[in-house]
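Nothing in this text is a laboratory measurement; each read-out follows from the coordinates by a stated rule. No experiment lies behind these values; they were computed from the predicted model shown. Cβ sites come from the backbone with ideal geometry, for glycine too, and all protein chains shown count toward neighbours.
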Amino acid sequence: MTQDEPKAVPVPASEPSDAVASTPGALAGLSRRRLVTGAAGSALAGAAVGASITAGVLADGAPAAPSAVATDGADAVDLTASVPFYDQVHQGGIRTPPQRHCVYMTFTLADTATRQQLQVLLARWSAAISQLVQGKPIGSVQPARPDAVGGDTGEAHGLGPASLTVTVGLGPAVFGKRFGLQSFKPALLADLPRIPGDTLKPELTGGDLSLQACADDPQVAYHAVRNLARMVTTTARTHWVVLGFGRASAGPGQETPRNLMGFKDGTRNVSSDDDYERFVWLKDAGWMTGGTYQVARKILITIETWDFDRISDQQRIFGRTKDEGAPLTGQREFDTPDFALKADGEHVIDPTSHIALAAPENNAGVKILRRGYNFTDGLNDQGLLDAGLLFLSYQNDPQHFIELQSRLGRFDLLNEYIRHVGSAIFAIPPAPPAGRYIGQELFE
Ligand code: HEM
């Protein structure tokens, strides 16, 4: 089992006080409860907050939610499973076998945000995430005093942890002059350049902070982001969000799911330990060691047009068969594609098919970890299905994504049916040890 695969880990009773004990400088006076319930704390008068939190449900030993098992194709999903947050080296939600649902949100830091506010936010988020991944609320759902506001919004009350992971990202602007963090800037973090084919919308592009909440229960993922967004108060505001409703990537041992184009997605992906070391995790990178870079792209699919395309054309576009997911040069899903094979003088796998352009064989061996989700926004203003792929990739060099997408953006046969409308890049710090918070090194 890898370090960040789901497994139930009881949190030691001493953990909350450890968290407080090691909280430095300006944060030292804040109790862990206050960190966790920061949103309510800032929204309410102090005394009332104290009372409501005391009556809350943060105490260790809070009842775990009831058990339930759902199935995902051949994969059984245990909604009581939990993924640990502390002491994992890498944040969850990257190597964690993809959960079934995802809520992805980015935030913009307020012009008035201070370095200390950023620090407090990261500390509060970390403390809250450590509770949420255990299926615990982050404050009182039903405060004792009638005039108090709940510390937790309540909609996950009674639901299991559902393997929730929340992955926190820091955008390029965090490391600008204003917070005095320039010397900590991850070496390869920079806004993505314009990439051929991009039709990005400003309202879906960029961000200073990101949250990727993945869970096997969509309400658990939504609850996590909603409650973390509630904590940003005046420090930041929400920027863009995608509600992913079905995974479009596979982890080891998982059946390969399908994207909204009906094709298996995730067949050839980063999967071995060696691949993760070579292509995903940062090594010898100072405070970012064990971290990585996240690229997010919101990609629209013109579904109605695609659905009228001939099957032979659909298969030519991907270079794979639709039912089995086999390369057009093979029989079975995991057969290795033969990009050189010709029949009647023509390549069997079109050199401008999606897989021919993206495969490591044709990109100097480069791989990126894809961890995408299908999404829908309902109908667009023309009454057409508004849906697509929330493409999420992790790589230890953003240039790997940039080069791949530059090729795809120019030549991919798939481009007739897709449009990149959203985009962002974030540095993903390593996971904190128990008692610390994500990015704490920046403030020491
Ligand atoms: C809506 C957009 C996209 C769709 C529907 C899509 C779908 C697919 C499908 C069906 C496969 C074949 C199965 C597999 O090996 O996983 C695939 C493979 C792949 N895709 Fe995409 N993809 C999209 C966007 C992208 C983007 C933006 C990138 C990177 C910039 C990318 C990189 C790859 C890579 C590296 C492979 C594996 C190729 C191989 O090794 O054979 N895809 N994609």
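A few comments on the model shown:
- Label-point separation, ALA434 to ASP284 (7 Å along Cα→Cβ), nm: 3.3 nm
- Relative exposure of ASP87, ASP152, ASP198, judged by other C-beta atoms within 10 Å (fewest first): ASP87, ASP198, ASP152
- The ellipsoid that matches the Cα gyration tensor of region 304-434 has semi-axes, each √(5λ) in whole angstrom, of 27, 23, 14, with the longest given first.
- Straight Cα distances below 22 angstrom link LYS298 to the lysines LYS201, LYS264, LYS367, with same-chain residues fewer than 8 positions distant left out.
- A straight Cα-to-Cα reach below 13 Å connects LYS136 with the aspartates and glutamates ASP60, ASP152, GLU155, residues fewer than 8 places away in its own chain not being considered.
- With neighbours defined as other Cβ atoms within 10 Å of a residue's Cβ, the residues VAL89, VAL220, VAL270 order from fewest to most as VAL89, VAL270, VAL220.
- Rounded, prolate or oblate (a/c below 1.5 giving rounded, otherwise prolate when a/b exceeds b/c) for region 165-238 by Cα gyration tensor: oblate
- Stretching the chain fully between ASN380 and ASP313 yields a gain of 21.5 nm (0.36 nm per residue, less the alpha carbon separation).
- Alpha carbon centroid spacing (whole Å) that separates region 178-192 from region 347-380: 29 Å
- Neighbours of GLY158 by Cβ distance under 13 Å: Lys/Arg scored +1, Asp/Glu scored -1, total -2.
- Computed lengthening from THR302 to GLU444, 0.36 nm per intervening residue step minus Cα-Cα distance: 46.3 nm
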